[in-house]
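A short reminder: the numbers here are calculations on the coordinates, not readings from a lab. The shown structure was predicted, so the numbers you read here are calculated from the model rather than taken from an experiment. Heads up, the Cβs are rebuilt from the backbone with ideal geometry, glycines too, and the neighbour counts pull from every protein chain shown.
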Amino acid sequence: MYVDFAYYSGIYGGSSLTEKAFPGAVREAESYIRYLTYLNGDIFTDTAQADVVKNAVCAAAEAYHAAEMEQKQGGNLKSESKDGLSTTFVVARKDGETADQYVKRCMYQAVRIRLLPTGWLSRRGKIGGGYDNKCCCCDCL
């Protein structure tokens, strides 16, 4: 793992992830960040911006964990009515958005503000091609 729990809880100041939940969330965050930036090389070898990258991993891990917890707690239930009792949950998921798309959108929003200024989210890559600054999983830009 690129980020350890000591960095997350100490330097980053995170508190929403437990030590038990941390490794899984960080693995997902690192995989997603690697997916977003692979055209530009290996982001995890950029020592000049190591703290920025670590902070992006921590933020994405928290977003991943929060979105997953919302899904487990029935966050996708919008309305239910039975025998006069009505239940509605306020959700951040868009209509028609799958659980996976929602999780990726949450992680992207957390990563974008940290990595966009660094150039790592440029979709050009080293080979060239057009510039596409769109999120890969939603139209949030």
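Highest first, please rank the peptides 106-116, 55-65 by the mean number of other Cβ atoms sitting within 10 Å of their residues. Before the final figure, lay out each step's value.
Values: 106-116: 20.4, 55-65: 25.3.
Ranking, from highest mean packing down: 55-65, 106-116.
Give me the extension gain from S122 to T47: residue separation times 0.36 nm, minus the current Cα-Cα distance, reported in nm with one decimal.
Between S122 and T47, full extension yields 25.1 nm more.
For A21, what residues show an amide H to amide H distance below 5 Å, using hydrogens built from the backbone and excluding near sequence neighbours?
Result for A21 returns nothing.
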